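S.K.: To start, I am sharing the structure in question, which I have written as structure tokens.
The values are calculated or read from the model by the stated rules, or taken from the named source; none is laboratory data. Note that the structure is a prediction, hence the values are computed from the model and not measured. Cβ coordinates were reconstructed from backbone atoms using ideal geometry, including for glycine residues, and neighbour counts include every protein chain displayed. Quick note on the areas: whole protein, heavy atoms, side chains included, nothing else; ligands and nucleic acids left out. Shrake-Rupley method; radii C 1.70, N 1.55, O 1.52, S 1.80 Å.
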Amino acid sequence: MDAHETSVDQDAFFKTLAEKSDGGTLRGDYSKADAQYVVRQDMAAYTPEQHALWRRLYERQARLLPGRACDVFIESLAALDASQGIPDLDRTSEALYKATGWRLVAVPGLVPDETFFEHLASRRFPVTVWLREPHEFDYIVEPDVFHDFFGHVPLLFNPIVADHLQQYGLGGLKALKLGGLSNLARLYWYTIEFGLIQSPQGLRVYGAGILSSGGEIEYCLTNKAPRRVGFNAERVMRTLYKIDSYQETYFVIRDFQQLFDETAPDFTPIYERLKDLDTFPANALLPGEADLGIA
Ligand code: PHE
Ligand code: FE
């Protein structure tokens, strides 16, 4: 049997994680997760200190958004009314469902790729339930509720992004069968997590990894070191990325329609082609490519 067609089993998931990181354990509580890794968000279990930490994270980050985050993000975030404490996912889920037909599901943390793709393909966005500790205010290894909610949820209110992410989920299930997972993961990284977008006023951020970061949101727009290169799906799928430092290259889309349109074609031949080609280092600038410079 094809390994990718077996149901996702928790032991195998934790084993692959152990190979990737020294500790090998995730900090979430997976014991109550269902087969789709969904848990109940226990609102009563959050402490006043945790809500206060959320408020501090939110305030710091909200102050950094004007002139840096794209307009759609700023508008949707304001409508979420999540500044006062860790948000109730069910409540936001209702509003989101009305807007774009997406729902939020609570998860203990990272979930297996196949499970993640299945959620997205069904218009469900998994949000981690736990919040970082105070000493992790600026940097956190695993995504927590602040990253997942603050960074990702606002753009799900945009119809094009909403459709794009569902297509990404379907594409992910396909990539698992075709051996294209690393290519597709790079696409997600350089767009949904670390993407920049043009606006009449200059470059803006739409990537959740940047939008939930206190430092990179300024760095990515104003620092001279990283490259800013026009988005090209196949180029991005060949480009390595760093997970433990600010990005060395940011890819810039014109608008969300471009992201949707350029990822819509069948990737099957691209995966085939890329198997025989070298990857590009994270800081590559290719012949004919322009560095768009700072905002
Ligand atoms: N079009 C891609 C495929 O055929 C799927 C995809 C859509 C991937 C959107 C990423 C984003 O595999
Ligand atoms: Fe993320």
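S.K.: Give the range 166-176 a look and list any residue that's more than 8 Å from ligand 1 (Cβ to nearest atom) and over 21 Å from residue 279 (Cα atoms), or say none.
M.R.: Listed by number, the residues that qualify are 166, 169, 173.
S.K.: Those residues that are closer than 19 Å to residue 256 by Cβ and either within 16 Å of ligand 1 (Cβ to nearest atom) or without any contact (Cβ under 8 Å) to a residue 60 or more places away in the chain (or both), I need them from the range 217-232; list them, please.
M.R.: The answer is 220, 231, 232.
S.K.: Still on this model: Taking residue 87 as the residue in question, decide whether it is under 20 Å from the mean Cα position of the chain (by Cα), modelled with pLDDT of 95 or more and not in a helix (DSSP H, G or I).
M.R.: yes
S.K.: Let me ask something else about it. Going through 176, 155, 221 one at a time, which residue ends up being within 12 Å of ligand 2 (Cβ to nearest atom) and crowded, with 17+ Cβ neighbours inside 10 Å? Spell out the reasoning first.
M.R.: Details: 176 fails: within 12 Å of ligand 2 (Cβ to nearest atom); 221 fails: within 12 Å of ligand 2 (Cβ to nearest atom).
Only one candidate passes the filter, namely 155.
S.K.: Pick out the one residue from 204, 228 that is touching a Leu at 6+ places or on another chain (Cβ under 6 Å), charged (D, E, K, R) and closer than 27 Å to residue 293 by Cβ.
M.R.: Working: 204 fails: touching a Leu at 6+ places or on another chain (Cβ under 6 Å).
Checking each option against the conditions leaves just 228.
S.K.: For residue 77, work out the one condition from (1) in contact (Cβ under 8 Å) with a residue 24 or more places away in the chain; (2) open to solvent by 50 Å² or more (accessible area, probe 1.4 Å) it doesn't fulfil.
M.R.: (2)
S.K.: Quick one: which residue in 192, 270 is under 15 Å from the mean Cα position of the chain (by Cα), open to solvent by 10 Å² or more (accessible area, probe 1.4 Å) and of a type outside the set (S, T, N, Q)?
M.R.: 192
S.K.: Considering only residues that are within 24 Å of residue 277 (Cα to Cα) and open to solvent by 70 Å² or more (accessible area, probe 1.4 Å), look in the range 233-260 and name the one that is nearest to ligand 1 (Cβ to nearest atom).
M.R.: Checking each candidate, the answer is 241.
S.K.: For residue 148, are the conditions met, namely being over 17 Å from the mean Cα position of the chain (by Cα) and closer than 21 Å to residue 194 by Cβ?
M.R.: No; evaluated as a whole, the condition is false for this residue.
S.K.: Kindly list, by first and then second residue, each pair from a residue in the range 238-254 that is in a loop (DSSP other than H, G, I, E, B) to a residue that is polar (S, T, N, Q) and open to solvent by less than 10 Å² (accessible area, probe 1.4 Å), limited to pairs with Cβ atoms under 7 Å and residues at least 6 apart or on different chains.
M.R.: Partner pairs satisfying both residue conditions: 241/247.
S.K.: Oh, and also: If I ask for residues that are touching a Leu at 6+ places or on another chain (Cβ under 8 Å), open to solvent by 60 Å² or more (accessible area, probe 1.4 Å) and modelled with pLDDT of 95 or more, which ones from the range 25-49 would you list?
M.R.: none
S.K.: State whether one or more residues within the range 282-290 are of a type in the set (D, E, K, R) and open to solvent by less than 70 Å² (accessible area, probe 1.4 Å).
M.R.: Yes, because at least one residue in the range 282-290 is of a type in the set (D, E, K, R) and open to solvent by less than 70 Å² (accessible area, probe 1.4 Å).
S.K.: Let me ask another. Could you please give the count of residues in the range 83-115 that are crowded, with 20+ Cβ neighbours inside 10 Å, among the aliphatic types (A, V, I, L, M) and within 13 Å of residue 157 (Cβ to Cβ)?
M.R.: Of the residues in the range 83-115, 2 are crowded, with 20+ Cβ neighbours inside 10 Å, among the aliphatic types (A, V, I, L, M) and within 13 Å of residue 157 (Cβ to Cβ).
S.K.: In the range 262-295, which residues are of a type in the set (Val, Ile, Thr) and in a loop (DSSP other than H, G, I, E, B)?
M.R.: 279, 294
S.K.: With the condition kept exactly as written, say whether any residue in the range 183-205 is assigned to a loop (DSSP other than H, G, I, E, B), within 16 Å of ligand 1 (Cβ to nearest atom) and at pLDDT 95 or above.
M.R.: Yes, some residue in the range 183-205 is assigned to a loop (DSSP other than H, G, I, E, B), within 16 Å of ligand 1 (Cβ to nearest atom) and at pLDDT 95 or above.
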